[in-house]
Amino acid sequence: MILISHRGNVSGSHPEDENSPPYIVKALDMGYQVEIDVWLLDGVFYLGHDEPQYKIRESFLMNNNFWCHAK
């Protein structure tokens, strides 16, 4: 069975933490795959649900345990 965390959540919704890299890594460390919201603006990648919030390196996305939702 594959367990997929939604935006890093593993036990209920926590909007203040969702899509933040540390929150996502925590879910990965717990054995979850993670659905993340990814933005690409002017060649720069970001995470965030309603807006680009967290600037990330492209290399962060190179993980087979991510389910990327292109925003």
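The values are calculated or read from the model by the stated rules, or taken from the named source; none is laboratory data. Because the structure is predicted, anything quoted here is derived from the model rather than measured. Using ideal geometry, Cβ is built from the backbone for each residue, glycine included, and neighbour counts are taken over all protein chains shown. Side chains are part of the model used for accessible areas, which takes the heavy atoms of the whole protein and leaves out ligands, DNA and RNA. Shrake-Rupley method; radii C 1.70, N 1.55, O 1.52, S 1.80 Å.
When the residues of region 39-53 are filtered to those that are out of contact with any helix residue (DSSP H, G or I) (no Cβ under 9 Å at 6 or more places or on another chain) and crowded, with 18+ Cβ neighbours inside 10 Å, the one that is farthest from Met1 (Cα to Cα) is Pro52.
Conditions (1) of a type in the set (A, V, I, L, M, F, W, C); (2) surrounded by fewer than 18 Cβ atoms within 10 Å (Cβ to Cβ), marked per residue:
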{"site": "Ser5", "(1), (2)": "no, no"}
{"site": "Ser11", "(1), (2)": "no, yes"}
{"site": "Tyr23", "(1), (2)": "no, no"}
{"site": "Ala27", "(1), (2)": "yes, no"}
{"site": "Asp37", "(1), (2)": "no, no"}
{"site": "Lys55", "(1), (2)": "no, yes"}
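Cβ separations smaller than 6 Å between residues 6+ apart or across chains give the following pairs from region 45-62 residues that are among the hydrophobic types (A, V, I, L, M, F, W, C) to residues that are surrounded by fewer than 17 Cβ atoms within 10 Å (Cβ to Cβ): Phe45/Glu58. Every condition in (1) open to solvent by 50 Å² or more (accessible area, probe 1.4 Å); (2) in a loop (DSSP other than H, G, I, E, B); (3) touching a strand residue (DSSP E or B) at 6+ places or on another chain (Cβ under 8 Å) holds for Asn19 except the one numbered (1). Evaluated against (1) closer than 16 Å to Glu16 by Cα; (2) touching a helix residue (DSSP H, G or I) at 6+ places or on another chain (Cβ under 7 Å), Cys68 falls short on exactly one condition, (1). Could you check, for region 24-34, whether at least one of its residues is touching a His at 6+ places or on another chain (Cβ under 9 Å), assigned to a strand (DSSP E or B) and modelled with pLDDT of 95 or more? Yes, the conditions are met somewhere in region 24-34.
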